[in-house]
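Trainee: Here it is, the structure in full.
Since every read-out is calculated from the coordinates, none of them should be taken as a lab result. Note that the structure is predicted; figures quoted are calculated from it, not measured. Here the Cβ is made from the backbone with ideal geometry for all residues, glycine too, and neighbour counts use every protein chain on show.
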């Protein structure tokens, strides 16, 4: 390679950009570390050239910027998937949506000094092949792949009708809709051309495992068996896959230029139009059986909430768990309201929450304040002898689901504080955030955990007629944490930040 060419390639490598890649930059960008306790929020690439990412890890940012799944990003420091960041940026007028990922990549290269390179590596995949006796009718009409709910054997709880599906589309579909079975990409090696119409019917992963363990029950039909019925076959293997390797990255972004936040256009604080009214219960059959939020949709800036309690609306607007709402009168859990409101179509969900908060304050004369009070929360404590293997610190800190003989929650290089933060996302039927880490264990650990989903545990006990006869293999998340990790997970009262209601009126203001 000639010195000049080599120098150009090295410059692109250090910048994180490849020859020919766009060097367009945002007009203005606010980049900073998220406040402690921030969880990943909504956001992304928005109309009008705006990018908002809240509580995003560096792994998230690299994934969005390169438009690849996180499992194809290797290397980097242990904090790559734990530290969280805030990014709000505005592109020049007329910037195409397709240009935004490359602009985000240039931004994180600049502000975090990110250096990456592309490579290939043999990675675990599922290989889709065709057998003799293909049972795939040709598509009845042209057009893009279409997916809709199907009907079929009630013993199988999942039915998908696939119309005009190519084998490439099927390979993409399987990990998306059958993630309990396909925890790696599916590679199409059927060599079948054209599009087809077919239906796939299978049991969800937990029902499938129950059926496998009960030879006297209905036959176990999982996603693999569903594919086999089409005359296809899927088996695990490895294939070389394009990956991104993180060579280096700074943990703290360079400071924002002075006055940057003032240059970013703010979203409106109130809806353009909004109406709040008591739900007409007779016109909404079963309204009282709905959850606190009733039914809610947000599409193109139109928010419609039907038959929600005021408690549900307040917890949504303030983004808190109902247990952290103190002083609410009983009627806030009983009376139901409808909300119809309109704002610009490019307003993100976090801004809509702020508008809803303003609306509730105006309509119900709502007055609140924040303070710290002891309330029931879940705490994680060390048992007499924790069963934790200390990490060597080389692996990226992460917790993810691994499907082998059962569904495991697998953590590596994970502190107890990180475990406490991540657990409610996977065990929401048992516990709610926050989970407080009171173990006093300071290290990072590698461990795996298995528990029985709550709905299946209740189903087993109901069928047996006696909870004491539930199979010993079935464990609540509390029992699993105790027996497998030597820790204690239980509900206790502890002082935490809460929202206290000082005043609220039962009837919304006249409109």
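Trainee: Nearest 5 is fine: what % of DSSP beta bridges in the chain come out antiparallel, could you say?
Mentor: Here the share of antiparallel DSSP bridges comes out near 90 percent.
Trainee: OK, next. Output the peptides 345-355, 103-113 sorted from most to least packed, where packing is the average of other Cβ atoms within 10 Å over each peptide's residues.
Mentor: Ranked by mean Cβ neighbours within 10 Å, highest first: 103-113, 345-355.
Trainee: For the chain, what does the helix formula give at 222 nm: sum of -39500 (n - 2.57) over DSSP H segments with n ≥ 4, over the residue count, nearest 500 deg cm²/dmol?
Mentor: Estimated from H runs of four or more residues: -7000 deg cm²/dmol.
Trainee: Would you mind pulling out the separation of the Cα centroids of the range 300-349 and the range 90-130, in Å?
Mentor: Cα centres, the range 300-349 to the range 90-130: 36 Å.
Trainee: Let me ask something additional. Candidates (i) 72, 68, 42; (ii) 71, 69, 61; (iii) 65, 55, 48; which is the computed Cα extents along the principal axes in Å?
Mentor: Step by step, Cα extents along the principal axes in Å for this structure corresponds to label (ii).
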